[in-house]
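See below for the structure under consideration.
Quick note: the coordinates plus some simple rules give every number you see, no bench work behind them. Treat the numbers as computed from the prediction; the structure is a model and nothing was measured. No Cβ is skipped: glycine too gets one built from the backbone with ideal geometry, and neighbour counts run over all protein chains shown.
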Amino acid sequence: MSPPSRTPQVQPYAEVPAYVTKDGSEIRELMHPAVHGNRAQSLAEARVPAGTRTLLHRHQQTEELYHITVGTGLMTLGNHRFTVAAGDTICIPPGTPHRIEAAGNGPLHILCCCAPPYSHDDTEILEG
């Protein structure tokens, strides 16, 4: 038996406004249940300008995947610090403090997949 037919959910990039999240990164929500009707996850593009970083934070419920699409950076994940570059993917388990810094001459672009979907209420800032 086939699953029921659904209208494809397509979000043109040009129609996605950017906003700044609690951690200080510029985000475009490419797909989020609150807006698009998908169910179990969210997908966003984050941009971190050269020489800046996000605030150290954690999500108690959400597992995140960061996929670096442009630039180089320095990732803090729990007690670990390591360099990341375009093509790298990082798994951030729930409850793990993390932040990322754009370490190169240009901005850092990251695709962020969150399950369950991103929520401001699940974001705890750990530095002032």
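Quick check on the chain: helices-only [θ] at 222 nm, where DSSP H runs of length 4 and up contribute -39,500 (n - 2.57) each and the sum goes over total residues. Nearest 500, please.
-500 deg cm²/dmol
Would you mind checking which residues have amide H under 5 Å from TYR118's amide H? H placed 1.01 Å from N; only 5 or more apart, or other chain.
SER42
Residues in the stretch 45-61, backbone N under 11 Å from the label point at LEU74 (7 Å along the Cα-to-beta-carbon vector): list them, ranges by number please.
Hits in the stretch 45-61 for LEU74 at 11 Å: 51-53.
In the Gaussian network model of the chain, springs joining C-alpha atoms below 10 Å, which of GLU29, GLU15, GLU63 carries the largest mean-square fluctuation?
Evaluated over the chain, the most mobile residue of the options is GLU15.
Determine, for LEU108, LEU56, the number of other Cβ atoms within 10 Å of each Cβ, and report the residues in order from fewest to most.
LEU56, LEU108
What is the extension gain from GLN61 to HIS36, computed as 0.36 nm multiplied by their sequence separation minus the C-alpha to C-alpha distance, in nm to one decimal?
Net length gain for the segment: 6.9 nm.
Using a Gaussian network model of the chain with C-alpha springs under 10 Å, which one of ALA40, ALA102, ALA85 is most mobile by mean-square fluctuation?
ALA40
Between LEU56 and residues 5 or more places away or on another chain, which pairs have amide H atoms under 5 Å apart, with H built 1.01 Å from N, and which residues are they?
The answer is LEU126, GLU127.
Using θ = phi - 60° and the Karplus form 6.51 cos²θ - 1.76 cosθ + 1.60, what ³J(HN,Hα) does each residue of the stretch 37-46 get, whole Hz, x for Gly and Pro?
These are the phi-based 3J(HN,Hα) values: x, 5, 10, 10, 8, 10, 10, 9, 10, 10 Hz.
Using modelled backbone amide H atoms (1.01 Å from N, in-plane), which distant-in-sequence or interchain residues come within less than 5 Å of ASP88's amide H?
Placed amide hydrogens put ILE68 under 5 Å from ASP88.
Rule-of-thumb check for the chain: C-alpha Rg over 2.2 N^0.38 Å?
So the chain has a normalised radius of gyration of 1.09.
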